[in-house]
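The values are calculated or read from the model by the stated rules, or taken from the named source; none is laboratory data. What you are looking at is a predicted structure, and each value in this text was computed from that prediction instead of being measured. Note that we place each Cβ from the backbone using ideal geometry, even for glycine, and neighbour counts take in every protein chain shown. What goes into the accessible areas is simple: the full protein's heavy atoms, side chains included, and nothing from ligands, DNA or RNA. Shrake-Rupley method; radii C 1.70, N 1.55, O 1.52, S 1.80 Å.
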Amino acid sequence: MPNNLALGKEQFWSRRQLLKLGLGGTCMAGAAALWHATSVNSKSIVKVPPPEIAASEGVTQPMKMLRNFDYGTLKQENGRTIREFQLTAGTSVIQLNSAVSYNIWDLNGHIPGPTLRVKQGERVRILFLNKAGHSHSLHFHGVHSSDMDGIRPVSNGSATIYEFDAEPYGVHLYHCHIEPVTRHIAKGLYGMFIIDPPKPRPPADEIVLVMAGYDINDDSRNEYYAFNGLPHHYMDNPIRIYKDQLIRLYVLNIIEYDPAVTFHLHANFFDVYRTGMTMTPSEKADVITMGVAERHILEFAFRYPGKYMFHPHQDAIAENGCMGVFEVV
C-alpha cells in the first residue's frame, strides 16, 4: 500500500511523473461506461430530456454537473482491480453575479469537485496533486485506515496518494481537512463521493445537488448560496425531467457557517434514504433538515407537468441563491 505522505520539494513529483505512476497498471478506460450500462436493469430505459441550454464551460458548470459522474479509470495490478482517480487542487475566480467575482480553490478546475463514483468493495486510488498555493489535503468520508485519512498537509507543488477499499455503500463526500477547515471547504475544496451498493438500485434519472455558501468578505457569514456552484442558476435555467419517471436526487449540504439548512420540494413528497446507506426508505417528507456535511438520497416522481421549485426553507438562504426549479415535461 502506498504511504500517504506528502512529497517534499526534494522529492517533488511532477504532474507527468504522478500520471506515469498512475498509468503503471493495465488500463480499462471503457470499463467505467460498461459498468454503468450493465449496472441497471436493461429492460428499463431511463430517458433524460435534452437541456434547453448548452452546458457551460469554465469553473462553474451547474448543468453539466447535474448528471455527470466520474467513474475513474480501471486498472489491473497484481491480479487486483484498482479504480483510479486524479484530482488536482488549483485556484480560480468565479463570477457569482454580474457585479461580484470571488477567488476560490478548485478541484480539476471545477467547483464543486467531480462527483466520484465507485462500487462497494472496490480498491480506490486517488492521485492528488496540489497546485493551489497553500497546503491542502483530501479527507474522504467512509471507512479506511488512519494513514489514509487525509489530515496530513500536502504542500503546494507536492503530490500524494490515497488508497483504500470503498466501504460502506452510501452517499459520502470528500473535502480538504487543513486548518482552518471551514475556510478551506467554503472556498471550494469539496465534492460528492458515491459508493454504490453490490446490488444496483432500480433505474432512475439520477441527479446531483450540492448546496454551498460563499463568504465573500471574510466575516464568517455567507452572503451568497448556490446549488452546484452558481447562485440562482437553476431558477434561470430549470432542470428538465420527465413526468412519471423516477428521480433519484443525491443531495449534499456543504454550507459552512450555517449550522443546518433544509431542503424542500414543492407540490410533491420524496422517499428519504438517509446517507444513502439503505435500500429501504426511512420516511416520506417534503422537507428534510440537513446539518453541515449531511447527505441523503431523495426519490420521487412528478404526476403533473409544470414548473416546481426546490430550495431550503430558510428564506434568506433561498433568496440569496440556493433556489431552483424542476420543469416537468
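Could you work out the local net charge near Gln245, counting Lys and Arg as +1, Asp and Glu as -1, over the other residues with Cβ closer than 14 Å to its Cβ? That works out to +1. With a ≥ b ≥ c taken as the square roots of the eigenvalues of the C-alpha gyration tensor of region 170-279, please select rounded if a/c is under 1.5 and otherwise prolate if a/b is larger than b/c or oblate if it is not? Note, shape of region 170-279 comes out oblate.
Net charge near Asp196, counting Lys/Arg +1 and Asp/Glu -1 over other residues with Cβ under 11 Å of its Cβ?
Cβ neighbours under 11 Å give a net charge of +2.
On full extension, the segment bounded by Val100 and Ala316 gains 75.9 nm, given 0.36 nm per residue less the C-alpha separation. Its Cα centre serving as origin, the chain has a Cβ charge dipole (Lys and Arg +1, Asp and Glu -1) of approximately 1140 debye.
Equivalent ellipsoid of region 51-121: semi-axes from √(5λ) of the C-alpha gyration tensor, largest first, are 31, 15, 8 Å. Excluding same-chain neighbours fewer than eight residues apart, the lysines reachable from Lys47 by a Cα-Cα span under 22 Å are Lys64, Lys199, Lys243, Lys307. Of all DSSP beta bridges confined to region 157-265, the antiparallel ones make up roughly 60%. Straight-line cross-link reach from Lys131 at under 12 Å between alpha-carbon atoms covers these aspartates and glutamates, not counting any fewer than eight positions away in the same chain: Asp106.
Could you calculate the FRET efficiency of Asp147 with Arg274 from 1/(1 + (r/R0)^6), where r is the beta carbon distance between them and R0 is 30 Å, rounded to 0.05? Each step should come with its number before you reach the end.
Numbers: r = 29 Å, r/R0 = 0.98.
Approximately 0.55, to the nearest 0.05.
On full extension of the chain, what length is gained from Ser155 through Lys64, given 0.36 nm per residue of separation minus the C-alpha to C-alpha distance? Write out the running numbers ahead of the final one.
Numbers: separation 91, 0.36 × 91 = 32.76 nm, distance 3.07 nm.
My answer for the length gained is 29.7 nm.
Residues in the chain average 43 Å² of solvent-accessible surface per residue, probe 1.4 Å, ligands and nucleic acids excluded. Kindly provide log₁₀ I(q)/I(0) values, in the same order as q = 0.11, 0.12, 0.16, 0.23 Å⁻¹, from the Debye equation applied to equal alpha-carbon scatterers of region 63-170. Log10 I(q)/I(0), no solvent term: -0.40, -0.48, -0.81, -1.34.
Under 14 Å from the Cβ of Asp106, count the other residues' Cβ atoms, weight Lys and Arg +1, Asp and Glu -1, and hand me the total. Intermediate results must be reported in sequence, preceding the final value.
Values: positive: Lys131, Lys187; negative: Glu57.
Value of the local net charge: +1.
For the full complex of protein chains and a 1.4 angstrom probe, list Arg152, Arg248 by accessible area with the highest value first.
Output order, biggest surface exposure first: Arg152, Arg248.
Would you mind calculating the gained length between Asn108 and Ile53 on full extension (0.36 nm times residue separation, minus the Cα-Cα distance), in nm to one decimal? Let's see the in-between values first.
Values: separation 55, 0.36 × 55 = 19.80 nm, distance 2.33 nm.
Extra length available between Asn108 and Ile53 comes to 17.5 nm.
Under 1.5 on a/c is rounded, so check that first for the chain, then, if it is not, pick prolate when a/b is larger than b/c and oblate when it is not; a ≥ b ≥ c are the square roots of the alpha carbon gyration tensor eigenvalues. Verdict is oblate for the chain.
How large, in percent, is the carbon and sulfur part of the accessible surface of the chain at a probe radius of 1.4 Å? Present the calculation step by step, with values, prior to reporting the outcome.
Working: 7410 of 14270 Å².
The nonpolar share, carbon plus sulfur, comes to 52 percent.
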